[in-house]
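Undergrad: For reference, the structure I am asking about is given below.
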Amino acid sequence: METVTHEELIAWDKAHVWHPFTPMKQYIASEPVVIRRGRGVKLEDIHGNWYYDGTSSIWLNVHGHAVPEIDAAVRAQLEQVAHTTLLGQANVSSIVLARRLVEVAPEGLSRVFYSDSGATAVEIALKMAIQFWANQGRREKRYILGFTNNYHGDTLGAVSVAPDPLFHWPFLDLLPEHPRVPYPYPYRSPYSDPERCMQASLEAVEAVLRERGHEIAAVIVEPVEGAGGIIPAPEGFLRGLRALCDRYEVLLIVDEVATGFGRTGRMFACEAEGVTPDLLCLGKGITGGYLPLAATLTTERVFEAFLGEVEERKTFFHGHSYTGNPLGCAAALASLELLKRLLPKLPAKAARLKEWLDPLAQHPFVGEVRQAGFMVGIEIVADKATKRSFPYGAEVGYVVARHARARGLLVRPIGGVMIFMPPLAASEVELEEMTAILRAAFTDALPELEA
Ligand code: PLP
């Protein structure tokens, strides 16, 4: 690449790059971190400062960076072909990956539809669910029941099932009004007992399905609410949803874009409850953070509803130019092999992580520390007794993140919740150091939080 000075890089970034999900006015006024390389669980900026990647580069880099096995797999694929379409033809690595995904997925999922991002994996699931019923003459089944505060991506379909009034206000009146019910969030529910909170949520689902099941195509859910603040659903929630979906003839879509590929300590969160959804959305960690790839998995039952004569118009007419990209599939295959070896080590590491994070609960502005394996959410509150949040715009999470960065850890909060998503391959020593920095950053932030 041409030689560009550090000053030019920063100036050109601010002049030309429109960053995702970023208030740009504030970003342009800030001192951004410009990364030039990654090694293991660390990233180096253009000035030579190294940081722990405490977000796994936004929840993707399961094995960290510059992973020799994935590097080699991508190079080997480059020697063959970088891209070729799946439209009416196939490619080797996407076939092998589909087979390997089916082998590790919850039993009964046998068909893989590729796309490029979590949001597209969700779009595909939503469209498949609606067309599944339409193909059987049930066009009235076209609504999707979702959960408040769940997040499924930023395309309009994904937003329509999880519209956030703060972020999506210009689009709200354009979107179909899909029903939504509260996700079990014991910390902020009238029912602090997780079991009771979960029951309340399942009862709300049942009430909607009882009344409107005839017009509902599917329920969509995150097993752990990710971007909503790392809120693990109590044990039994997915099983309860599966039973309700079966009872009211509705499909179950589980969005494991964030939780998939080891994040919760298992390959997929569905496994913990022995649940097979009708549609499973995968993305993020699928390639170990190497290339944009996503997949929507489904069952033979769903797939068969799309078979028919051409004039019956049952085909799923959906696709993207990069669907099944061979480089992405090769990276995913290598990542999956590494992950299989890593998985048995995760429960012990997650338990140590908990020990190091527990002291944070004593911090005067920490309301709750939530953890599901390697997904951690630390809820920052203005008042512990009343659980009152800081007002919107106070950006308290960013205050803590700034201190963490100064100490060598990159983390990104969402609203008032500090999110910590270390690479699964981080060693115990690295995890201990990252959590020590996080604790110190919360202490450093105290004067600003008190102000
Ligand atoms: N679904 C879930 C549960 C997510 O957490 C995300 C992203 O954070 C998405 C979907 C959207 O994924 P992407 O950003 O790759 O489009």
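The values are calculated or read from the model by the stated rules, or taken from the named source; none is laboratory data. From a predicted model like this one, the values you see are computed outputs, not experimental measurements. Quick reminder, even Gly has a Cβ in these numbers, built from the backbone with ideal geometry, and neighbours come from all protein chains shown.
Undergrad: Return yes when HIS63 is under 23 Å from GLY285 (Cβ atoms), away from the ligand (no atom under 16 Å from the Cβ) and in contact with a Ser or Thr (Cβ under 7 Å, 6 or more places away or on another chain) and no when it is not. Give the steps one after another, and end with the answer.
TA: Details: under 23 Å from GLY285 (Cβ atoms): yes; away from the ligand (no atom under 16 Å from the Cβ): yes; in contact with a Ser or Thr (Cβ under 7 Å, 6 or more places away or on another chain): yes.
Yes; evaluated as a whole, the condition is true for this residue.
Undergrad: State which residue pairs qualify: first residue within 17 Å of MET434 (Cβ to Cβ) and among the acidic types (Asp, Glu) and inside segment 348-366, second residue at pLDDT below 95 and in a helix (DSSP H, G or I) in any location, beta carbons under 9 Å apart, and separation of 6 or more residues or different chains.
TA: Sorted first by the residue in segment 348-366, then by its partner, the list stays empty.
Undergrad: Right, another one. If you take the residues in segment 181-233 that are away from the ligand (no atom under 16 Å from the Cβ) and of a type in the set (Gly, Ala, Ser), which one is farthest from LEU252 (Cα to Cα)?
TA: So, considering only residues that are away from the ligand (no atom under 16 Å from the Cβ) and of a type in the set (Gly, Ala, Ser), the one farthest from LEU252 (Cα to Cα) is SER192.
Undergrad: With over 22 Å from LEU78 (Cα atoms) and either surrounded by 19 or more Cβ atoms within 10 Å (Cβ to Cβ) or touching a Leu at 6+ places or on another chain (Cβ under 8 Å) (or both) as the only criterion, which of LEU339, LEU307 stands out? Explain how you work it out, then say what you get.
TA: Working: LEU307 fails: either surrounded by 19 or more Cβ atoms within 10 Å (Cβ to Cβ) or touching a Leu at 6+ places or on another chain (Cβ under 8 Å) (or both).
None of the other options fit; the residue is LEU339.
Undergrad: Can you confirm whether LEU409 is in contact with a helix residue (DSSP H, G or I) (Cβ under 8 Å, 6 or more places away or on another chain), under 18 Å from GLU433 (Cα atoms) and not assigned by TED's automatic domain parsing to the domain that holds ALA441?
TA: Criteria not met by LEU409.
Undergrad: Sticking with this one: With the requirement that a residue be closer than 21 Å to MET375 by Cβ and either assigned by TED's automatic domain parsing to the domain that holds LEU424 or assigned to a loop (DSSP other than H, G, I, E, B) (or both), what does segment 233-254 give you?
TA: ALA233, PRO234, GLU235, GLY236
Undergrad: Residues to consider are VAL275, VAL257, VAL302; find the one that is closer than 18 Å to LEU109 by Cα and not in a loop (DSSP other than H, G, I, E, B).
TA: Within the list VAL275, VAL257, VAL302, the selection yields VAL302.
Undergrad: Counting just the residues of segment 291-301 that are touching a residue at least 24 places away in the same chain (Cβ under 8 Å), more than 10 Å from the ligand (Cβ to nearest atom) and surrounded by fewer than 24 Cβ atoms within 10 Å (Cβ to Cβ), which one comes out nearest to VAL62 (Cα to Cα)?
TA: Of everything passing the filter in segment 291-301, LEU291 is nearest to VAL62 (Cα to Cα).
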